[in-house]
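Data block below; observations after.
We did not get these values from a lab; they are worked out from the coordinates using the rules stated. Remember, predicted model here, so these are calculated numbers, not experimental data. Don't worry about glycine lacking a Cβ; one is built from the backbone with ideal geometry, like all the others, and counts go over all protein chains shown.
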Amino acid sequence: MMQLYLIRHGIAGERAEYATDAERPLTEAGRKKTRRVAERLLACDLRLELVLTSPLLRARQTADILQAVGLAAQVQEFAALAPGGELQTWLDWRDRHPLASVAVVGHQPDLGQWATQVGSGARDDQLVVKKAGVIGIELPPSGSPLGASELFLLTAPRWLL
């Protein structure tokens with residue numbers, strides 16, 4: 001069984017201020033809020049074996065904050081977490097890495113779509129994940145998790161702070 005935490009990156013700089021979307025960093029407010037959310041998750045005894053992150057700067061900075069507060073010892077970039085990444089790519093990774101607790105740091109609408117697919121099997125809908133928000137899903141120990149997983153946490157940052 002795997003506990004999967006889908007975490008949206010924190011508040012980032014405005015698109016118009018940067019040459020590319022990939023270069024947008026967390027704002028000071030985004031760093032502070034993300035750190036407070038991470039500290040609260042740590043206080044709830046959450047410990048992760050690994051944090052996988054989108055290669056985009058704001059997601060990487062979010063993952064680094066999770067690591068800095070002690071939620072996980074290791075952060076690894078995972079290209080499929082960039083905007084438009086496919087859930088199946090992550091599911092293939094999961095089959096090769098039987099870990100008990102993993103966080104993925106990515107982007108909306110992808111994370112909301114992934115949560116809906118593993119929770120209900122539906123592909124047409126999506127949950128909304130606020131910036132620095134968290135979705136917790138327990139995946140079955142074997143077989144496809146699509147429609148066979150249990151959502152145990154869906155929270156906006158304000159409920160953790």
TODO: Return the single residue from Gly106, Gly70, Gly30 with maximal mean-square fluctuation; model: Gaussian network over the chain, springs between Cα atoms under 10 Å.
DONE: Gly70
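If you keep only loop residues by DSSP, which GluC sites (Glu not before Pro) in region 45-129 have at most 14 other Cβ atoms within 10 Å of their Cβ?
Numbers: sites: Glu49, Glu77, Glu86; in loops: Glu49, Glu86.
Hits after loop and neighbour filter: Glu86.
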Task: Descending semi-axes in Å of the chain, equivalent ellipsoid built from Cα gyration tensor - done: 23, 18, 15
Task: With Cα atoms, 0 to 90° folded angle of helix 87-96 axis to the chain main axis - done: 70 degrees
TODO: Pull up all non-local amide H partners of Met2: gap of 5 or more, or a different chain, and H-to-H distance under 5 Å with H placed in the peptide plane.
DONE: Leu139
Task: Beta bridges per DSSP with both ends in region 2-159, % antiparallel, nearest 5 - done: 45 percent
Task: Principal-axis tilt of helix 110-120 within the chain, Cα atoms, nearest 10 degrees - done: 20 degrees
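What trypsin sites (Lys or Arg not before Pro) does region 1-49 have in DSSP loop regions with at most 14 other beta carbons within 10 Å?
The qualifying sites are Arg47.
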Open item on the list: Please list, ordered by chain and number, the residues whose modelled amide H lies under 5 Å from the amide H of Val134; skip anything fewer than 5 residues away on the same chain.
Closed with: Thr155
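With a/c under 1.5 counting as rounded, go ahead and sort region 39-81 into rounded, prolate or oblate using the C-alpha gyration tensor (a ≥ b ≥ c being the square roots of the eigenvalues; past the cut-off, prolate if a/b is larger than b/c, else oblate). Before the final figure, lay out the partial values.
Working: a/c = 2.58, a/b = 1.88, b/c = 1.37.
Judged from the Cα gyration tensor, region 39-81 comes out prolate (a/c at least 1.5, a/b above b/c).
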